[in-house]
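Encoded as structure tokens, the structure appears first; notes follow it.
The values are calculated or read from the model by the stated rules, or taken from the named source; none is laboratory data. Keep in mind that this is a model prediction, so the values were computed, not measured. Heads up, the Cβs are rebuilt from the backbone with ideal geometry, glycines too, and the neighbour counts pull from every protein chain shown.
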Amino acid sequence: MTDSIKDIFDTQGYVIVKQLFSEEEIDRLKTEAKDILSRNAVDGSGVYLGLTAASPLFKEAAAAPRLSRALKAILGDDVLFLSDKIVFKNASTDFGSPWHQDYSYWHGSHKLSVWIALDDATPENGCLRLVPGSHNETVTHDGEAPDDKGFVYRLDEANIDASRIVDFPAAKGDALVFHDLLLHASYPNVSGADRWALISTYKDGRQPDPDYSWAHAAFALK
Ligand SMILES: O=C(O)CCC(=O)C(=O)O
């Protein structure tokens, strides 16, 4: 018997969904994202929040039927989309995201996020790295945050058992649905090519939470 998506999520803290979106759908989303960035005079590499608030195409993607079914299998029928962002790492910049758990930034009820590859992601251009099962563990963030790259709650890689780390190389359109306590990071992009990803965050709408200012465009999935 194969394990259900919820069993896998509960055990590992994540589920991989191959080809959640087709190449054509991803190309349309990336073109739309580039338009949004250029309309807002954003260039280089970085993070941009609020795609769904800015674009019907992103809103449709956030509620795509296959994604909605997977989220409901994990969270139950009352799934609330909270917010999304693109993490765009272009040829000119190469920072890797440090090890962290998203929950440190949000608190409240546990959420999950869906990381979607807008480009093929490899260790060379900055694919994600994960610690399976870490969503069941309490972690003390201890890394320094001396630069301006955000991620004030970090865990020094020296404090992670290297044998537990797995890479998530992704083809564009592949997705990782992950718990907000899953320890994750990404490699630096040393490839000279783009590594863009869309990250959308959801929760069980029945769970009470503070009024998150970053979730101003929240909507319930049908
Ligand atoms: O896409 C990445 O490089 C990682 C981003 C990330 O972990 C985050 O924004 O929480």
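Quick check on my filter: what residues within region 52-95 are of a type in the set (Ser, Thr, Tyr), within 16 Å of the ligand (Cβ to nearest atom) and within 17 Å of ALA175 (Cα to Cα)?
SER83, the sole residue that qualifies.
Just one of VAL131, VAL139 is at pLDDT 95 or above and either more than 22 Å from ASP174 (Cα to Cα) or more than 12 Å from the ligand (Cβ to nearest atom) (or both); which is it? Break it down into steps so the answer makes sense when it comes.
On the way: VAL139 fails: at pLDDT 95 or above.
Exactly one residue qualifies, and that residue is VAL131.
Taking the condition of a type outside the set (Lys, Arg) and either more than 23 Å from LEU183 (Cβ to Cβ) or in a helix (DSSP H, G or I) (or both), does PHE21 pass? It would help to see each step written out before you state the result.
Working: of a type outside the set (Lys, Arg): yes; either more than 23 Å from LEU183 (Cβ to Cβ) or in a helix (DSSP H, G or I) (or both): yes.
Here the answer is yes, as PHE21 does meet what is asked.
What number of residues within region 167-199 satisfy the criterion of being of a type in the set (Ser, Thr, Tyr), surrounded by fewer than 23 Cβ atoms within 10 Å (Cβ to Cβ) and not in a loop (DSSP other than H, G, I, E, B)?
Adding up the residues that qualify gives 0.
Take ARG164 and decide whether it is over 30 Å from SER22 (Cβ atoms), more than 10 Å from the ligand (Cβ to nearest atom), over 15 Å from the mean Cα position of the chain (by Cα) and modelled with pLDDT of 95 or more. Outline the logic, then answer.
Working: over 30 Å from SER22 (Cβ atoms): yes; more than 10 Å from the ligand (Cβ to nearest atom): yes; over 15 Å from the mean Cα position of the chain (by Cα): yes; modelled with pLDDT of 95 or more: yes.
In short, yes.
Any idea which residue in region 142-161 is nearest to ASN90 (Cα to Cα), counting only those that are at pLDDT below 80 and among the charged types (D, E, K, R)? It would help to see each step written out before you state the result.
Narrowing region 142-161 to residues at pLDDT below 80: 142-152.
Applying the additional criterion that residues be among the charged types (D, E, K, R) yields 142, 144, 147-149.
Numbers: ASP142: 28, GLU144: 25, ASP147: 19, ASP148: 17, LYS149: 15 Å.
The selected residue is LYS149.
Taking the criterion of being touching a residue at least 24 places away in the same chain (Cβ under 8 Å) and within 25 Å of GLY192 (Cα to Cα), would at least one residue in region 61-79 satisfy it? Step through it out loud before you land on a result.
In the first step, residues of region 61-79 are kept if they are touching a residue at least 24 places away in the same chain (Cβ under 8 Å); the result is 61-64, 66-68, 70-76, 78-79.
Filter once more, keeping what is within 25 Å of GLY192 (Cα to Cα): none.
Among the residues of region 61-79, not one is touching a residue at least 24 places away in the same chain (Cβ under 8 Å) and within 25 Å of GLY192 (Cα to Cα), which makes the answer no.
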